[in-house]
């Protein structure tokens, strides 16, 4: 694919640095306790015709996915919030505990990423990833830890985000044939100009030794998603060699340096150098590594016409690292409005918790950066 020239690459990285401003961000949704293991995030933002901003995500309480529920409750609750003041404040509209939803594939053990999506018929969909009580396929049973299950993606639907109905989940993506990508979760849903919908998802193997991003698609008029690629992108060579999880797509406005370019987008992703904490040498540079459930952030760039061909903007170093706690900065999403862009992400704090934080960048500054000024 066509490579970014230095001017456009510099402008994009500068824009993302201003947008995901770690120190200027404010807490939008706090976790239930200001302690390690308590989070809120893993969702996206959508604005309706009346200007209401809707936000979804999941509450997570303390727990350890490597040992199952015996170490804590983990993914606790999926929630939808609304803002009637352009994102200044958010109020819970509805939520679902693990016991509130039913799946034909087993009892829900934990929640992870979610995604709100406006469907072509005007209705709303809420995609939910959850871990369910389900056995590993043979001959891999010995790899399954007590109290754990298998991750898959389901959907709820309704006429509006605050009227999405349960309790029965409709399965969207469940993997029964590819143990190298056994666990599928963390949906990212967006539409193409031809009416098709794309669903980017994160996968983990049965061994939980890595993670990557895959792609499923739903054609115009179709009801189900079909996997197009189990590996949409390659894992990186350095800081993101163990994990590359795409969390959002951000279309680039055709202005300034990008005025004469074909339609293109930035894809945010979470990365990790390892899935376990590493001991660092006192004689070498210290660096944020990321590890299981503590990812840090990067980004891709790609032309829509060449998708899924993407190029990294974060080759050797992450772009987004919290200055506090573990450095965790993940699940970035961006809402484009007339006034500017509202970015949200799950950010590590000094107390060990990870609230959903947000930062707004005004349109005038966005345009200035994209003009190369």
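The values are calculated or read from the model by the stated rules, or taken from the named source; none is laboratory data. Since the structure is predicted, the reported quantities are computational estimates derived from the model, not experimental observations. Positions of Cβ are generated from backbone atoms using ideal geometry, with glycine treated the same way; all protein chains shown enter the neighbour counts.
Taking first residues from segment 113-142 that are on the phi > 0 side of the Ramachandran plot and partners that are surrounded by fewer than 24 Cβ atoms within 10 Å (Cβ to Cβ) and at pLDDT 95 or above, the Cβ contacts under 9 Å between residues at least 6 apart in sequence or on separate chains come to 122/159. Every test in (1) in contact with a strand residue (DSSP E or B) (Cβ under 7 Å, 6 or more places away or on another chain); (2) in the same structural domain as residue 338 (by TED's automatic domain parsing); (3) at pLDDT below 95 is passed by residue 224 save one, and that test is (2). Give the residues of segment 305-338 that are in a helix (DSSP H, G or I) and in contact (Cβ under 8 Å) with a residue 60 or more places away in the chain, sorted by residue number. Within segment 305-338, 306 is the sole residue that qualifies. Evaluate the following for residue 53: is it farther than 29 Å from residue 150 by Cβ and either without any contact (Cβ under 8 Å) to a residue 24 or more places away in the chain or buried (at least 17 other Cβ atoms within 10 Å of the Cβ) (or both)? In short, yes. If the condition is being crowded, with 22+ Cβ neighbours inside 10 Å and part of a loop (DSSP other than H, G, I, E, B), then segment 165-199 contributes only 182.
State whether the residues of segment 267-287 include one that is surrounded by fewer than 22 Cβ atoms within 10 Å (Cβ to Cβ), assigned to a strand (DSSP E or B) and either under 15 Å from the mean Cα position of the chain (by Cα) or assigned by TED's automatic domain parsing to the domain that holds residue 6 (or both). No; the residues of segment 267-287 include none that is surrounded by fewer than 22 Cβ atoms within 10 Å (Cβ to Cβ), assigned to a strand (DSSP E or B) and either under 15 Å from the mean Cα position of the chain (by Cα) or assigned by TED's automatic domain parsing to the domain that holds residue 6 (or both). For segment 137-155, which residues satisfy the criterion of being touching a strand residue (DSSP E or B) at 6+ places or on another chain (Cβ under 7 Å), in a loop (DSSP other than H, G, I, E, B) and closer than 12 Å to residue 207 by Cα? Answer for segment 137-155, where residues must be touching a strand residue (DSSP E or B) at 6+ places or on another chain (Cβ under 7 Å), in a loop (DSSP other than H, G, I, E, B) and closer than 12 Å to residue 207 by Cα: just 145.
Scanning segment 87-122 for residues that are at pLDDT 95 or above, in a loop (DSSP other than H, G, I, E, B) and over 22 Å from residue 183 (Cβ atoms) returns 87, 88, 89, 90.
Residue under question is residue 290, and the condition is that it be over 26 Å from residue 125 (Cβ atoms), outside the structural domain of residue 184 (by TED's automatic domain parsing), surrounded by 23 or more Cβ atoms within 10 Å (Cβ to Cβ) and at pLDDT 95 or above; does it hold? Here the answer is no, as residue 290 does not meet what is asked.
Residue count for segment 216-250 under the criterion of being closer than 22 Å to residue 192 by Cα and within 14 Å of the chain's Cα centre (by Cα): the result is 6. Checking 305, 372, 325 one by one, the residue that is in contact with a helix residue (DSSP H, G or I) (Cβ under 7 Å, 6 or more places away or on another chain) and either surrounded by fewer than 20 Cβ atoms within 10 Å (Cβ to Cβ) or more than 25 Å from residue 4 (Cα to Cα) (or both) is 372 and no other.
Residue pairs whose Cβ atoms lie under 6 Å apart, separated by 6 or more positions or on different chains, with the first residue in segment 273-288 and at negative phi and free of Cβ contacts under 8 Å to residues at least 24 places away in the same chain and the second surrounded by 10 or more Cβ atoms within 10 Å (Cβ to Cβ) and assigned to a loop (DSSP other than H, G, I, E, B), are 276/291; 277/291; 278/289; 286/280. Out of all the residues in segment 250-264, is one or more out of contact with any strand residue (DSSP E or B) (no Cβ under 9 Å at 6 or more places or on another chain), in a loop (DSSP other than H, G, I, E, B), closer than 19 Å to residue 14 by Cβ and not assigned by TED's automatic domain parsing to the domain that holds residue 191? Yes: segment 250-264 contains one or more residues that are out of contact with any strand residue (DSSP E or B) (no Cβ under 9 Å at 6 or more places or on another chain), in a loop (DSSP other than H, G, I, E, B), closer than 19 Å to residue 14 by Cβ and not assigned by TED's automatic domain parsing to the domain that holds residue 191. Assess whether residue 205 counts as being out of contact with any strand residue (DSSP E or B) (no Cβ under 7 Å at 6 or more places or on another chain), at pLDDT 95 or above and assigned by TED's automatic domain parsing to the domain that holds residue 127. Here the answer is yes, as residue 205 does meet what is asked. Looking across segment 62-85, the residues that are assigned to a loop (DSSP other than H, G, I, E, B) and at pLDDT 95 or above come down to 84, 85.
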